[in-house]
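A.B. asks: This is the structure, below, for whatever I ask next.
The values are calculated or read from the model by the stated rules, or taken from the named source; none is laboratory data. Just so we're clear, the structure is a prediction, and the values are computed from it rather than from any experiment. All Cβ positions, glycine included, derive from the backbone under ideal geometry; neighbour counts span all protein chains shown. These accessible areas exclude ligands, DNA and RNA; they are computed on the full protein's heavy atoms, side chains included. Shrake-Rupley method; radii C 1.70, N 1.55, O 1.52, S 1.80 Å.
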Amino acid sequence: MAAGKSQSTYFTTRDLVFIAVFAAAWGLVETSLGSYLHAARIPFRGAALTALGLLAALTGRSLVPRRGTVLMIGLVTALLKLLSLGGVVLSPLLAIVIESALAEWALWPWARPGRSAFALAGALAELWTVIHPFLTQGLLAGSGLFTVYGWLLQSTAQALPWGSKVTVLLVGVAILVPALLGTAAGLIACSLGRELQARLAH
Amino acid sequence: MRRPSAIWRPSLYGWLGLLAWAITAPGLFGDARAYAPLITVALVSWLLGEGGWRSLGSWRTWLFLGGLIGVTALAEGIRPGLGAGLRMAARALAILLAADALALHVPALDLAALLEAVGLPGLGFALGVAFNLLPALRQTALDSWQALRLRGGPGKQPLQSLRRWAVTVLARALARGQEIVDAAESRAFTPSRRQVQPPRVRRGDLLLLLGLAAWTVVLLIM
């Protein structure tokens with residue numbers, strides 16, 4: 001083990017190992033379960049996969065009650081994904097880091113967050129799945145892409161007289177489903193964490 | 001073709017710089033110069049690495065690029081739209097190839113070491129533990145799922161069964177984690193001491209970054 005400069009410790013060895021466990025769990029969800037969900041062509045599979053990953057990360061936060069835990073879990077998961085390369089990695093890496101950062105931001109005000117904080121964190125992070133494709137496509141293609149989106153929306157509205165109502169409905173569903181999935185992930189993570197703490201105590 | 005020797009090959013900083021350049025440079029150039037970032041990234045990654053352009057093998061990449069060109073042509077008229085679409089596609093492809101090169105040539109541990117150096121101590125250790133735990137975690141999940149199926153599957157209360165399965169898998173992983181903690185602490189491991197040093201800046205990094213800066217100036221003047 002190479003000797004290096006000492007830094008102030010925020011996470012203990014136990015914290016880091018537990019962070020690793022939940023990062024591995026998120027990584028397992030992304031790699032193994034991801035392939036199954038995509039093959040099964042389940043609707044909203046991207047959002048479902050994200051919810052399961054957030055479930056792992058937020059459960060980890062419940063067991064490592066320090067600010068920054070969720071972000072660390074997200075960073076370790078993103079680096080794990082980089083280690084187990086498979087095709088283009090930029091978009092999922094960005095998604096994992098941003099989702100964990102959003103969840104961390106939602107939990108930041110509380111040293112020991114309760115159920116509602118976990119639910120908020122899950123919902124906020126999950127809602128990123130709605131925005132993420134636009135961010136990555138905009139990053140790749142540049143600002144000109146948004147002009148194209150504007151034209152697409154306008155053309156669709158003109159071509160379909162009832163198009164605006166259907167569009168509003170579809171947008172509503174596209175936002176509501178991830179929000180509900182994220183809220184559920186946060187609530188389940190809170191209770192899972194308590195159950196695991198009780199198990200570890202015995 | 002002989003590849004440059006190790007000292008002249010870029011490391012983390014060079015490839016990160018190339019990715020950052022691929023993201024920011026296209027915004028500086030219009031008209032035919034908009035294709036320069038794509039040509040530059042392709043040449044650099046081919047000359048300094050072995051290409052490794054995974055994105056080109058993905059149908060999603062081609063679907064995205066084709067859709068970009070097609071929809072832009074419809075939105076802005078065939079001739080101007082095609083030009084704008086091709087420029088956007090060239091920008092996107094440059095970024096994807098630069099990201100591929102970074103993923104191929106930069107070990108994740110180097111990235112972890114860099115993040116540790118900027119204020120995230122213990123990240124490298126956590127990454128190493130997670131990487132080593134992954135196969136055991138996968139096996140535990142499979143074994144527990146098999147045991148559940150042998151007992152009749154999720155049954156009439158699938159959510160409760162799934163929850164019990166998840167708790168079993170995570171509890172076993174955490175128990176294994178506690179063994180790792182004990183083993184690390186018995187070897188006087190402490191997260192306050194940096195375990196991995198971030199890579200040093202190589203000549204190849206400086207050459208690449210200075211080259212990109214000079215090339216940007218040339219393109220701006222043209």
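A.B. asks: Checking residue B:191 against (1) surrounded by 15 or more Cβ atoms within 10 Å (Cβ to Cβ); (2) touching a Lys or Arg at 6+ places or on another chain (Cβ under 7 Å); (3) at the interface with chain A (Cβ under 10 Å from one of its Cβ atoms); (4) not β-branched (Val, Ile, Thr), which test does it fail?
C.D. replies: (2)
A.B. asks: When you scan region A:69-96, how many residues do you find that are at pLDDT 95 or above and closer than 21 Å to residue B:58 by Cβ?
C.D. replies: Selection size over region A:69-96: 0.
A.B. asks: Does region A:92-113 contain at least one residue that is among the small types (Gly, Ala, Ser), open to solvent by 10 Å² or more (accessible area, probe 1.4 Å) and over 15 Å from the mean Cα position of the chain (by Cα)?
C.D. replies: yes
A.B. asks: With the checklist (1) modelled with pLDDT under 85; (2) open to solvent by less than 20 Å² (accessible area, probe 1.4 Å) in hand, flag the one item residue B:57 doesn't pass.
C.D. replies: (2)
A.B. asks: Continuing with this model, one more query. Between a residue in region A:8-31 that is farther than 16 Å from residue A:59 by Cβ and any residue that is of a type in the set (Gly, Ala, Ser) and open to solvent by 10 Å² or more (accessible area, probe 1.4 Å), which pairs come within a Cβ distance under 6 Å, given they are 6 or more apart or on different chains?
C.D. replies: Sorted first by the residue in region A:8-31, then by its partner, the pairs are A:9/B:192; A:13/B:184.
A.B. asks: Just one of (1) farther than 24 Å from residue A:73 by Cα; (2) small (Gly, Ala, Ser); (3) part of a helix (DSSP H, G or I) trips up residue B:141, so point out which.
C.D. replies: Every condition holds for residue B:141 apart from (1).
A.B. asks: Take the residues in region B:144-155 that are in a helix (DSSP H, G or I), of a type outside the set (A, V, I, L, M, F, W, C) and open to solvent by 30 Å² or more (accessible area, probe 1.4 Å); name whichever of them is farthest from residue A:32 (Cα to Cα).
C.D. replies: Start the filter on region B:144-155 by keeping residues that are in a helix (DSSP H, G or I), which leaves B:144-150.
Next cut, of a type outside the set (A, V, I, L, M, F, W, C) only: B:144, B:146, B:149.
Checking the rest, the ones that are also open to solvent by 30 Å² or more (accessible area, probe 1.4 Å) come to B:146, B:149.
Numbers: B:146: 16, B:149: 18 Å.
Once the filter is applied, the top-ranked residue is B:149.
A.B. asks: Now for a different question. Being assigned to a helix (DSSP H, G or I), free of Cβ contacts under 8 Å to residues at least 60 places away in the same chain and open to solvent by less than 50 Å² (accessible area, probe 1.4 Å) is the requirement here; does residue B:214 meet it?
C.D. replies: On the way: assigned to a helix (DSSP H, G or I): yes; free of Cβ contacts under 8 Å to residues at least 60 places away in the same chain: yes; open to solvent by less than 50 Å² (accessible area, probe 1.4 Å): no.
When the stated conditions are applied, residue B:214 does not pass them.
A.B. asks: Just checking, how many residues over region B:68-106 are without any contact (Cβ under 8 Å) to a residue 60 or more places away in the chain and closer than 16 Å to residue B:19 by Cβ?
C.D. replies: 6
A.B. asks: Here are the criteria: (1) closer than 30 Å to residue A:66 by Cβ; (2) at pLDDT 85 or above; (3) more than 10 Å from every other protein chain (Cβ to nearest Cβ). Tell me which single one residue B:148 does not satisfy.
C.D. replies: Checking residue B:148 against (1) closer than 30 Å to residue A:66 by Cβ; (2) at pLDDT 85 or above; (3) more than 10 Å from every other protein chain (Cβ to nearest Cβ), the one that fails is (1).
A.B. asks: Filter region A:31-72 down to residues that are within 11 Å of chain B (Cβ to nearest Cβ) and within 11 Å of the chain's Cα centre (by Cα) and give me whichever is nearest to residue A:183 (Cα to Cα).
C.D. replies: A:55
A.B. asks: Mind counting the residues in region B:69-88 that are at the interface with another protein chain (Cβ under 9 Å from one of its Cβ atoms) and open to solvent by 10 Å² or more (accessible area, probe 1.4 Å)?
C.D. replies: Summing the residues that are at the interface with another protein chain (Cβ under 9 Å from one of its Cβ atoms) and open to solvent by 10 Å² or more (accessible area, probe 1.4 Å) in region B:69-88 gives 7.
A.B. asks: Let me ask you something else. Among (1) away from every other protein chain (no Cβ under 14 Å); (2) open to solvent by less than 30 Å² (accessible area, probe 1.4 Å); (3) in contact with a Ser or Thr (Cβ under 8 Å, 6 or more places away or on another chain), there is one condition residue A:129 misses while meeting the rest; what is its number?
C.D. replies: If we test residue A:129 against (1) away from every other protein chain (no Cβ under 14 Å); (2) open to solvent by less than 30 Å² (accessible area, probe 1.4 Å); (3) in contact with a Ser or Thr (Cβ under 8 Å, 6 or more places away or on another chain), just (2) comes out false.
A.B. asks: Which numbered condition in (1) open to solvent by 80 Å² or more (accessible area, probe 1.4 Å); (2) on the phi > 0 side of the Ramachandran plot is the only one that residue B:119 fails?
C.D. replies: (1)
A.B. asks: Taking residue A:141 as the residue in question, decide whether it is surrounded by fewer than 16 Cβ atoms within 10 Å (Cβ to Cβ) and either at pLDDT below 90 or not hydrophobic (A, V, I, L, M, F, W, C) (or both).
C.D. replies: Judged against the criteria, residue A:141 is not a match.
A.B. asks: Same structure, new question: For the structure I just gave you, tell me whether residue B:199 is free of Cβ contacts under 8 Å to residues at least 24 places away in the same chain, surrounded by 13 or more Cβ atoms within 10 Å (Cβ to Cβ), more than 10 Å from chain A (Cβ to nearest Cβ) and not in a helix (DSSP H, G or I).
C.D. replies: In short, no.
A.B. asks: Related question: Given the conditions (1) more than 7 Å from chain A (Cβ to nearest Cβ); (2) over 22 Å from residue B:10 (Cβ atoms); (3) small (Gly, Ala, Ser); (4) assigned to a helix (DSSP H, G or I), report the number of the one that residue B:126 does not fulfil.
C.D. replies: All conditions are met except number (1).
A.B. asks: Could you list, ordered by first residue, the pairs with Cβ atoms under 6 Å in which the first is in region B:163-179 and within 7 Å of another protein chain (Cβ to nearest Cβ) and the second is part of a helix (DSSP H, G or I) and open to solvent by 30 Å² or more (accessible area, probe 1.4 Å), at least 6 apart or interchain?
C.D. replies: B:167/A:195; B:171/A:199
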